[in-house]
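The values are calculated or read from the model by the stated rules, or taken from the named source; none is laboratory data. None of these values were measured; they are calculated from a predicted model. Methodologically, a virtual Cβ is constructed for each residue, glycine included, from the backbone with ideal geometry; neighbour enumeration extends over all protein chains shown. Side chains included, ligands, DNA and RNA excluded: accessible areas come from the protein's heavy atoms. Shrake-Rupley method; radii C 1.70, N 1.55, O 1.52, S 1.80 Å.
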Amino acid sequence: MIPYAFNYRRAQSIAEAQSLLKGDAKLLAGGQTLVSAMKLRLAAPSDLIDISRLKELTFIRREGDALVIGAGTTHHEVATSATVEAAIPALKVMAEMIGDPAVRHKGTLGGSIANNDPAADYPAALVALGATVKTTAREIAAEDFFTGMFSTALDENEIVIHVSFPVPERAAYAKFRNPASRFALTGVFVSKTKSGPRVAVIGAGSNVFRVPAMEQALATNFTADAIKGITIDAGDLNSDIHASAEYRAHLVGVMAQRAVSSAS
Amino acid sequence: MSKITLTVNGKSVSADVEDRTLLVYFLRGQRALTGTHIGGDTSQCGACMVHIDGKAVKSCTMFAAQADGSSVTTIEGLARDGKLHPVQEAFREHHGLQCGFCTPGMIMTAVDMIARGAATSRDAIRHELEGNICRCTGYHNIVSAIEAAAQQAGASKAAAE
Ligand SMILES: Cc1cc2nc3c(=O)[nH]c(=O)nc-3n(C[C@H](O)[C@H](O)[C@H](O)COP(=O)(O)OP(=O)(O)OC[C@H]3O[C@@H](n4cnc5c(N)ncnc54)[C@H](O)[C@@H]3O)c2cc1C
Ligand code: FES
């Protein structure tokens, strides 16, 4: 497959990427979503600004009570980082579950959240951990960042620099994979944080969402039993050839319980 | 158009490419390295797997321009002095192929997973093969071949230490 013609530019710094990013130009990180979209001619950028080699965007650091990960960090780097494993083991487990080894070698945190596929894993982690997205313009709370299916609060020429994840007391991710695409049919990320528990769901709806009823139950008793009886309304959920809305609603409950019982 | 300079199977190569040229088309069309296959061309099947700077990636899902300055290894770059790479040898020994179409991709993935120390069990190998599809569904012998090659690599590493 051959995409529409475009100009390839490799940025040498964030500042240069920012100055090249105008009109119909687009950032290229791992290309694991964008290249496929271009091949299908669903995307036709005039210029691709390759930011994948920017050292400024590729780092994993522990900063006090937070784990800070650069936007250009690949899923493979997150999955194999001792710093991530020590701070938030659930994040390592989640990164290991993304796609396949080749996708993890190239796909990045920044590309994943900027794309906001309703079945992508990272949005659940960001919302459940109460993360903050730092861009070239501002800081955005995860919940304000993911605005809907394939849409985010990012402006056209805003670049994600890093994501700061407050380190929780406990967290876990449980994902029911679509065996063909490896994306989540439904995934639930749970965390126990200083400000209370959080439950974030992806794959089931058009955008990541929290489940307040489960969070309330977990606040007094952080066990799988505490959320056993809680049902999810299938009304707003996705229905497709892979699973009905009712099945997804059921999976939210099952995945949430699995996540809570494995939280560490 | 961009001028790119990269290392392909150990040899330095410079070429002019249209920016929209996918790496797999560059390798097959401009370098005549047709061992790297095109299957679905949708980053699902893994037939186009190559190594970029030692890491397995799907060459249908990156542009040749992205590989500028990198070192690319294709299936043609594995054999040394007329001798098959141990993973190629293991595929032959264990009959890890039927029609052979997925084989170059399977082997490139296998070499990468063994190098990362990820081929620790038959289950782990199957999990690592997530991005490679064999339409003959010959996975059983592919897993056996990788398991044997991983054990051999472990043994030669232990002997070296
Ligand atoms: C076979 C396959 C299986 C997959 N399975 C999963 C899965 O199970 N779970 C999952 O979550 N994902 C999955 N993915 C998607 C994968 O995680 C991608 O890595 C991710 O969606 C995009 O990241 P990227 O770095 O490749 O971004 P790109 O494709 O390069 O870019 C995607 C978008 O983000 C923009 N962008 C990139 N970086 C930035 C930045 N720093 N700031 C602002 N905008 C930016 C780009 O302009 C583009 O619009 C899969 C992909 C494939 C091909
Ligand atoms: S041809 Fe590249 S993954 Fe199938």
Query - Theoretical FRET efficiency, 1/(1+(r/R0)^6), r = Cβ-Cβ of residue A:242 and residue A:2, R0 41 Å, to 0.05 - result: 0.85
Requested in this report: Would you compute, from DSSP H runs of 4+ residues alone, the mean residue ellipticity of chain A at 222 nm, taking -39500 (n - 2.57) per run and dividing by the full residue count, rounded to the nearest 500?
Outcome: -8000 deg cm²/dmol
**Report entry** Charged-residue dipole, Cβ positions (Lys, Arg, Asp, Glu), chain A about Cα centre, Debye nearest 20
**Finding:** 560
Report summary line: per DSSP, antiparallel bridges as share of beta bridges in segment A:7-166, % nearest 5, sits at 75
Query raised in the report: If you bin the C-alpha pair distances of segment A:119-171 every 5 Å from 0, what whole percents do you get?
Result: 4, 20, 30, 25, 14, 4, 1, 0
Requested in this report: Could you tally the net charge around residue B:113, taking each other residue with its Cβ under 14 Å from the Cβ of residue B:113, Lys/Arg +1 and Asp/Glu -1?
Outcome: -2
Requested in this report: Compute the projected area of the convex hull of the Cα atoms of segment A:137-199, averaged over all viewing directions, and report it in nm² to one decimal place.
Outcome: 5.8
Report task. Please report the relative contact order for chain B, taking Cα pairs under 8 Å with a sequence separation of at least 6, and give it as a percent rounded to a whole number. Result -> 23
Report task. Any chance you could list P(r) for chain A, counting all Cα-Cα pairs in 5 angstrom bins from zero, rounded to whole %? Result -> 1, 6, 13, 18, 19, 17, 12, 8, 4, 2, 1, 0
Query raised in the report: Over segment A:153-264, what is the relative contact order in whole percent, taking alpha-carbon pairs under 8 Å and six or more residues apart?
Result: 28
Query raised in the report: Hey, got the average number of other protein chain Cβ atoms within 10 angstrom for residues in B:44-52?
Result: 2
Report task. Would you tell me the mean number of C-beta atoms belonging to other protein chains that fall within 10 Å of each C-beta in A:1-9, as a whole number? Result -> 5
Query raised in the report: Carbon-plus-sulfur fraction of the accessible area of segment B:2-77, 1.4 Å probe, in percent?
Result: 44
Report task. State the Cα centre-to-centre distance between segment A:206-227 and segment B:90-161 in whole Å. Result -> 42
Requested in this report: Please list B:27-34, A:127-134 highest first by mean number of surrounding beta-carbon atoms within 10 Å per residue.
Outcome: A:127-134, B:27-34
Query raised in the report: On average, how much accessible surface per residue is there in the protein assembly as shown, in Å², for a 1.4 Å probe, leaving out ligands, DNA and RNA?
Result: 43
Requested in this report: Provide the descending list of Cα extents for segment B:1-114 along its principal axes, expressed in whole angstroms.
Outcome: 45, 32, 23
Query - Helix axis angle, A:245-262 relative to chain A longest principal axis, alpha carbon, degrees - result: 80
Query raised in the report: Roughly how big is segment A:170-262's charge dipole about its Cα centre, with Cβ charges of +1 (Lys, Arg) and -1 (Asp, Glu), in debye to the nearest 20?
Result: 480
Report summary line: If unit charges are put on Cβ atoms (+1 for Lys and Arg, -1 for Asp and Glu) and the dipole of the protein assembly as shown is taken about its Cα centre, the option from A:51, B:125, A:123 lying farthest towards the positive end turns out to be B:125
**Report entry** Cα centre as origin, Lys/Arg/Asp/Glu Cβ charges: segment A:1-123 dipole, Debye
**Finding:** 380
Report summary line: So the carbon and sulfur contribution to the accessible area of segment A:7-166, 1.4 Å probe, in percent, is 50
**Report entry** For segment A:181-199 versus segment A:93-161, the gap between their alpha-carbon centres in whole angstrom
**Finding:** 14
Query raised in the report: Quick one: which of A:22/A:175; A:228/B:58; A:92/A:228; A:194/B:55; B:55/B:83; B:3/B:58 span more than 31 angstrom between C-alpha atoms?
Result: A:22/A:175; A:228/B:58; A:194/B:55
Query raised in the report: Is the shape of segment A:170-262 rounded, prolate or oblate, going by the alpha carbon gyration tensor and its root eigenvalues a ≥ b ≥ c, with a/c under 1.5 for rounded and a/b larger than b/c for prolate?
Result: prolate
Report task. Let me have the relative contact order for chain A, percent, based on Cα pairs under 8 Å that are six or more residues apart. Result -> 15
Query raised in the report: Using helices alone, what [θ] at 222 nm do you get for chain B, with -39,500 (n - 2.57) per DSSP H run of 4 or more residues, divided over all residues and rounded to the nearest 500?
Result: -9500 deg cm²/dmol
Report task. Place +1 on the Cβ of every Lys and Arg and -1 on the Cβ of every Asp and Glu in segment A:7-166, take the dipole about the Cα centre, and give the residue among A:83, A:15, A:145 whose Cα lies farthest towards its positive end. Result -> A:15
Query raised in the report: For segment B:86-160, how big is the tail of P(r) above 15 Å, as a whole percent of Cα pairs?
Result: 46
